[in-house]
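Working notes, beginning with the structure itself.
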Amino acid sequence: SSTMDKPVETWKSAKGTPLLYHRVRVHAIKARPEINGCFGKAIDFIDQGKSAGRYIVKLEGTGERLALKPANLELAAVDSGRRKCAVCSNPAKNKCSTCRAVWYCGRECQARAWGHHKSVCVKPPEGAVGEGDVGDDAYEAVTRHMLATNDESIPNNQRIQMCKQLIKKDPNQPSAWFNLGLAYHEQGSHKKAVSAVYEAAKKLIDPRCQPPTGADAEFCEFNREVVRRGSQVVDESVRGRTDLEVEEQTLRHLVTIATKRRACAELRKCDLSYVYHVLGNVLRKLRRHDLAIEQLHKGDAAMAMMPSAARGDGHDNFDADGTRRDLASLSMIPDIKCTMAMESEDPATKTRLVAEAVEIARECLSVTSGPGCSRAAQREMLSSHQLLLARMLLNQISLTTPSPSAASQTATAGEVKELATAAKASCIKSGKRSELPTAKLLLEKVAKFTSPGS
């Protein structure tokens, strides 16, 4: 009988989308030459099958979103915004005398920018705020400045400086920290973004943090926004990184806000599920496997608490019992269990963990291929879950001790071949050609069981 060369473990790689979530520069656009040289952030990627696909780029300043080919984009350094003209990016020597947040190289560029800048030019608050008795004028200035930092149409560099001005005057204001995190996130400074969101979340879980008089509804909505967008900021910051201790603490604070604060009582369970999912992924990268699996199961449980009757909202993944499932979280668990099996020296533990991985992979595929899964979800996940189960079955052959019998291996290989062939067809049908190499690799490995001398 034959055994596998090594366990099959495949994670979604960033190699196919190296610009995703990064700051980019646009060039060689013939249809719209005026945007050549502009900077933006690649916020999404659309896989278009045979073609190279398109990045969704959000341009800096205007906020316009464009679908652009990878050939028309290049990775750009994160702009610190220090002493650079907001118009031409040349070295600057003059600062706006009112907001003191934007630099210009001269009066000509300042005059060119004034048409847009005058609507977002806000004088920063004066004097210390947040300690002792403060007059109404000071609070009004802080409120006016804070509302201005909420405006995402403001250029990131200006927004960052305005948030820093507000934090300097009132360091205990979670809104200022949160807006600073969002501005850093848009700029592509992911570590700074997470640090700012962490400060906002830490201040929100402080029992002394209470809503202003008469602003309870706004405060509740702000808590929910921090949970939703804060977890997204962390999720996009973890790609290719393992130094994630701050990310972990940030997510734990967000879980506390989402589960223990009355302000988040109306938070959608799918949003809570997403927080658990991101936390599970961070713990996986930190190789804290048991805790990662625990959080991913919590994500699945949170999704199950959503009303079953509310179909058609983009979360139509129901099992045979009519229970919603968080397949994104659930499908991460089998690979984690296989990693644990590879690290274990106990044969019985290896066998148990791989068997559990196969069982969960079957559960994922059962939901995806069942009648309770929407067509859109099937197009997105069916091939992935077919390949997931195929990989887990091959891992079961290689990691189970003692090795399965020749008859058992042949039967398993036959099932793997069926799954890989079906996944290959699903990839072609749905246009997800990025998964074709994995399907071909599995078919090559399965061929060993039918080759002479195996």
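Quick look at the values:
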{"quantity": "Subset of the range 230-244 [in a helix (DSSP H, G or I), modelled with pLDDT under 90 and out of contact with any helix residue (DSSP H, G or I) (no Cβ under 6 Å at 6 or more places or on another chain)]", "calculated": "E236"}
{"quantity": "Per-region count, the range 436-446, residues open to solvent by 40 Å² or more (accessible area, probe 1.4 Å) and under 28 Å from R54 (Cβ atoms)", "calculated": "3"}
{"quantity": "Residue ID - farthest from K445 (Cα to Cα), chosen from residues in the range 377-402 that are hydroxyl-bearing (S, T, Y) and not in a helix (DSSP H, G or I)", "calculated": "T401"}
{"quantity": "Qualifying residue in the range 426-435 (condition: buried (at least 20 other Cβ atoms within 10 Å of the Cβ), closer than 30 Å to G53 by Cβ and either of a type in the set (S, T, Y) or in contact (Cβ under 8 Å) with a residue 60 or more places away in the chain (or both))", "calculated": "yes"}
{"quantity": "Residue within the range 122-134 that is modelled with pLDDT of 75 or more and either among the polar types (S, T, N, Q) or within 30 Å of A28 (Cβ to Cβ) (or both) present", "calculated": "no"}
{"quantity": "Residues located in the range 357-376, provided they are touching a helix residue (DSSP H, G or I) at 6+ places or on another chain (Cβ under 7 Å), among the hydrophobic types (A, V, I, L, M, F, W, C) and part of a helix (DSSP H, G or I)", "calculated": "A357, V358, I360, A361, C364, L365, V367"}
{"quantity": "Cross-chain or 6+ apart pairs with Cβ under 6 Å, the range 182-211 first and closer than 21 Å to L20 by Cα and at pLDDT below 90, then assigned to a helix (DSSP H, G or I) and of a type in the set (S, T, N, Q)", "calculated": "A183/N156; E186/N156; Q187/N156; H190/S237"}
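The values are calculated or read from the model by the stated rules, or taken from the named source; none is laboratory data. Computed from a prediction, not measured in an experiment: that's the story for all the values here. Glycine also receives a Cβ, built like all others from the backbone with ideal geometry; neighbour counts cover every protein chain displayed. Surface accessibility is based on the protein's heavy atoms, side chains included, excluding ligands, DNA and RNA. Shrake-Rupley method; radii C 1.70, N 1.55, O 1.52, S 1.80 Å.
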